[in-house]
1. Any residue at all in the stretch 693-704 that's part of a helix (DSSP H, G or I), among the aliphatic types (A, V, I, L, M) and touching a Ser or Thr at 6+ places or on another chain (Cβ under 9 Å)?
2. Just one of the numbered conditions (1) out of contact with any His (no Cβ under 9 Å at 6 or more places or on another chain); (2) modelled with pLDDT of 90 or more is not true of Ile153; which one?
3. Name, by its number, the condition in (1) loosely packed, with under 15 Cβ neighbours inside 10 Å; (2) at pLDDT 95 or above that does not hold for His272.
4. Quick one: is Ile219 open to solvent by 20 Å² or more (accessible area, probe 1.4 Å), out of contact with any helix residue (DSSP H, G or I) (no Cβ under 6 Å at 6 or more places or on another chain), at pLDDT below 90 and more than 20 Å from Asp279 (Cα to Cα)?
5. Would you be able to say whether some residue in the stretch 469-476 is touching an Asp or Glu at 6+ places or on another chain (Cβ under 9 Å), in a helix (DSSP H, G or I) and at pLDDT below 90?
6. Name the strands (runs of 3 or more DSSP E) wholly inside the stretch 159-263 in which the number of residues that are among the β-branched types (Val, Ile, Thr) is 2 or more.
7. Being within 21 Å of Ile670 (Cβ to Cβ) and open to solvent by 10 Å² or more (accessible area, probe 1.4 Å) is the filter here, so list the residues in the stretch 604-633 that pass it.
8. Could you pull out the residue among Lys58, Lys62, Lys18 that is basic (Lys, Arg), surrounded by 13 or more Cβ atoms within 10 Å (Cβ to Cβ) and over 54 Å from the mean Cα position of the chain (by Cα)?
Amino acid sequence: MSVNNMRCEDEQIQFCGKVQAIGFLIIADIDMQIIGVSENCEAWLNTGHSEILGTNLKNLAKQFFPAIEAEVLSALKGLPEANLKNRVVQEVVLQDTPFYLTMYVHDNRRYLEFEQKYPTHLPSFISLYAYSQQIEKATDIWDALCQCIAEVIGFDRVMTYRFNADKSGQVIAEKVRNDLDSYLGLHYPEFDIPQQARALYVKHLARLTSDISSPTYPIHTLNNEQIDLSFSTIRALSPIHLQYLENAGAKASISFSIIVHGELWGLVTCQHETAKFVDLSQRHLAVFLTQYAVNRYLSLQKEIDLDFNKQVKEFELAFKEKLIIKNEILPVLSSFAKQLSDFVHADGLAIRHKEATLVFGDAPDTATVGKIHAFINKHNRKTIYSNESFVIDHGEELGLADSKFAGLVKVDVDSSKEFSLIWFRREQLTERIWAGKPTKVMTYDQTLQAFVPSPRNSFDAWKQLVKGIAPAWSDIEIYFMKRIRQLIRESLLRKSEEIYSLNQELILLNNALDTYSYTVSHDLKNPLSVIKLSVQMLQMKRDITPELLGKLTVNIKDASELMESMLNKIYEFSKVKEFRYQPNIIHTDQIIPQIVDHCKTRYATQNCEVELGDLLPVLGEKTLIYQLFLNIVSNAIKYSSKRANALISITSVQNGQKVRYSIRDNGIGIAEEELTTIYDIFKRMSNSDGFEGSGVGLAIVKRIVDRLGVDIIVQSEIGNGTCFHLDFPN
């Protein structure tokens, strides 16, 4: 036969189905039909639970508390789902006995909790102010809170109990009766307060047990359904917990939840040696004081955080400045290694990078760092990995028996996890004193046929020497690590952008160099042809006339000067990102006829008719204007040269604020689908076979018009010629 174990966390304490003797409970559904009632209601209503079940809550209210019937029903209809704020408390009188009626809604059920009101002395507003000032001015907030709550409820022992990172707890403040032993500093294991109990502490801020020996009463329901008592003040406690209190020597107990940023930070735990009831009003005051202490604690933490952030900002400025000046990550990180360690109270630092692994302070050697880095990368996907007991958990597997450190934090700078910072901390030997030996006790239950948790019998101090564990990193220390990661990433991004910019500039310069080469080889062909023809004529003609000699030498001189000017301007034009020039009025009537003559000579098309209309001056730079017209006119003559009736027309008109030049030919034309790519370098038209060329001319044209701010439009049709329109700013 197998024997099962029942864990503490398996106990569904919110479904215990019972209430304490301090009050009774009524539950109604959304239609106000009573679906649940505690058995002890008869003691105050003189009506049995069986007579109440299934009736309408409105009738019950009218019968037993008619004075506030309307208020109760209205409140229940308007209440949202239960949380810490959505609870309404009314005072009612039943059978001449005053009660507190607490109402809330949970899981679409209406809960009415009746708790007897006892005469009590509440502090005046002056006393309340004194309590708040006591907490406000205290050097130890939690100690002051214990003092205040002890005065309000009059219990023998009031402790502030804080949860640790490992979910165990420790008493950090205490107000205790003089003749009792102090629990200050004692640790309590995680299983003393199981997970489901902690969840309820977040939902309900106060839990009372006025007498652990007092009877409890079951809740009777329609259809025997279970009722969730997560938000109930009078819910009966777990028998295990009641036994725990008895073993600890307490007959009464109250706990007030300390909630920080929505999480259960700790408890104010109060114990009394004899049974003792604390009125709801007193408990509410204690809850108020606890929340006041939390607010004061958060305020002080904020001041600490602000001071730390100020130091971080100062460090960041120095760190950024060094990164900007050096622009090299590893040397800068190396120079700041000690500060990076000191800021987070680390004993050592390792920088793992694809270029090198660097270690500083009490950090493992580079080979060990490499193993640790690879191991964490394999088993962890998070950007930040923290483990205070890394050597205990993984030391044997990685061969870290003689390591100087115990815990570490690894922060990955890049997504590939190849660039990481690892902070190391040595172990901190700690003598932890437990309230009894922290061992879970199990006893066999014959009814359940299983081993069930049993409360510890001894709470005598039990000492434990904690080894191999480093102090945990605080939130602000982890925040600092994140900020360093962000700064490094920004620096890497800036460097990446600089490299990209340099690459783009290099591409532009290479393109400019290519364009310079193409332009030189392309545009110098016309003046070179003139020089070549002139020299050939000089060589061939023996009886050259003085007039012809003068003309040929002038041609050679003009062509040479033009070449020199073009070489200078083309070089200047191509080597800079932005071509700067002083706009001048360029008289094209002196340039275009010369270009026409040179082109007709080059392509041997003396029979090609060129019509020149008005040639208006334009604003620009002389050499670039010459190159612009040279390439367009040259193409017009070249691609019309094989026609018997070749006709070129060059005209200009004033068009508003612009001067429009139109160069029209009746040559071979350009296909419509190719018009979008005519300016691509080395792009030749599909119908250009049989004509010389390299596909550079129009690429040069586009580069020039872009630099001069000239708009260019091309119209063409296969077999019917082409027209280029140039709009010059004027």
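The values are calculated or read from the model by the stated rules, or taken from the named source; none is laboratory data. Every value quoted in this text rests on a predicted model; they were computed, and no experiment measured them. Neighbour counts are summed over all protein chains in view; Cβ atoms, including those assigned to glycine, are modelled from backbone coordinates with ideal geometry. Note: accessible area is taken over every heavy atom of the protein model, side chains too, but ligands, DNA and RNA are not part of it. Shrake-Rupley method; radii C 1.70, N 1.55, O 1.52, S 1.80 Å.
1. First, the residues of the stretch 693-704 that are part of a helix (DSSP H, G or I): 697-704.
Remaining after also requiring among the aliphatic types (A, V, I, L, M): 698-701, 704.
Within this subset, residues satisfying the condition of being touching a Ser or Thr at 6+ places or on another chain (Cβ under 9 Å) are 699-700.
Checked against the condition, which is being part of a helix (DSSP H, G or I), among the aliphatic types (A, V, I, L, M) and touching a Ser or Thr at 6+ places or on another chain (Cβ under 9 Å), the stretch 693-704 yields at least one hit.
2. (1)
3. Unmet condition: (1).
4. Numbers: open to solvent by 20 Å² or more (accessible area, probe 1.4 Å): yes; out of contact with any helix residue (DSSP H, G or I) (no Cβ under 6 Å at 6 or more places or on another chain): yes; at pLDDT below 90: no; more than 20 Å from Asp279 (Cα to Cα): yes.
Answer is no for this residue.
5. Step one: filter the stretch 469-476 for residues touching an Asp or Glu at 6+ places or on another chain (Cβ under 9 Å), giving 469-473, 475-476.
Cutting the leftovers down to in a helix (DSSP H, G or I) gives us 475-476.
After this cut, where a residue has to be at pLDDT below 90 as well, the list is 475-476.
Among the residues of the stretch 469-476, at least one is touching an Asp or Glu at 6+ places or on another chain (Cβ under 9 Å), in a helix (DSSP H, G or I) and at pLDDT below 90, which makes the answer yes.
6. Values: elements: 169-176, 206-209, 216-221, 252-260.
Answer list for the stretch 159-263: 169-176, 216-221, 252-260.
7. The one that is within 21 Å of Ile670 (Cβ to Cβ) and open to solvent by 10 Å² or more (accessible area, probe 1.4 Å): Val610.
8. On the way: Lys58 fails: over 54 Å from the mean Cα position of the chain (by Cα); Lys18 fails: over 54 Å from the mean Cα position of the chain (by Cα).
Just a single option satisfies the conditions, and that option is Lys62.
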